[in-house]
Amino acid sequence: MNIQTENIKQLVQDKVIMVTGAGGSIGGELCRQLANYGARRLLLIEQCEIQIFAIEQELIELGHQNIIVSLVSDVLDFQRMESIFKRYKPDLVFHAAAHKHVPLMENQPAEAFKNNTRGTIEMAEMAVRNGVEKFLLVSTDKAINPTSVMGATKRLAEIFLQSLHAANDTPTGFMAV
């Protein structure tokens, strides 16, 4: 596999980067990788204080204490998230916050929709309002042909981002991976 490290460095270097779900397995790995590419500031967004503390301590041990800002917040707390956008002015958003456990979400579809679909829509709209350059949704292979509530909620989020991207009336670039 050929990873385009120079392209990643150009994207990230000297930028303010927000990672939602920073304490999760995917969000945490994004933080570890992004911290090594010269970000000016790395905003760790996580609703679970234990998880954000763990990734914060790991990044400090790796020597990144000068760039990280740990922010305990739920992406569904729209007022709090808007204030974070206004205060820190992120250039890039890596949106990894989501409910990802299929059996749990099958029994709680409203929670899956609220967090995975509505949370993504609101975060994307905040990104546009606040002049974010790029918004990247970390989705799932389960969204391709969804057979579960969780997959369907992630697919809806992807479709919304595709519509924003297709509208082409915003300077914010949208991607889903």
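The table below gives the values:
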read-out	value
Percent accessible area from carbon and sulfur atoms, the range 25-149, protein chains only, probe 1.4 Å	52 percent
Rh (Kirkwood; distinct C-alpha pairs) - the chain, Å	16.3 Å
Accessible area per residue, Å², the range 18-81 with all protein chains present, probe 1.4 Å	49 Å²
Rounded FRET efficiency, nearest 0.05, which uses the C-beta distance separating residue 6 from residue 78 and R0 of 30 Å	0.25
Under-20-angstrom lysine pairs by C-alpha in the chain, whenever the two are 8 or more apart or on separate chains	14
Karplus (6.51, -1.76, 1.60) ³J(HN,Hα), θ = phi - 60°, over the range 81-89, in Hz, Gly and Pro reported as x	5, 4, 5, 5, 4, 5, 6, 9, 6
At R0 = 41 Å, FRET efficiency that the Cβ-Cβ distance of residue 69 and residue 102 yields, to 0.05	0.80
Paired Rg and Dmax values of the range 30-129, which use every Cα atom, in angstrom	14.4, 42
Label-to-label distance, nm, for residues given as residue 121 and residue 60 (7 Å Cα→Cβ offset)	3.9 nm
Whole-number percent relative contact order across the chain, with pairs defined as alpha carbons under 8 Å at least 6 apart	19 percent
Given charges at beta-carbon only (K, R positive; D, E negative), |dipole| of the chain in Debye	280 debye
Dipole magnitude (debye, nearest 20) for the range 88-163, charges at Cβ of Lys, Arg, Asp, Glu	40 debye
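The values are calculated or read from the model by the stated rules, or taken from the named source; none is laboratory data. Remember, predicted model here, so these are calculated numbers, not experimental data. Positions of Cβ are backbone-derived with ideal geometry, glycine not excepted, and every protein chain shown enters the neighbour counts. SASA here: full protein model, heavy atoms, side chains in, ligands and nucleic acids out. Shrake-Rupley method; radii C 1.70, N 1.55, O 1.52, S 1.80 Å.
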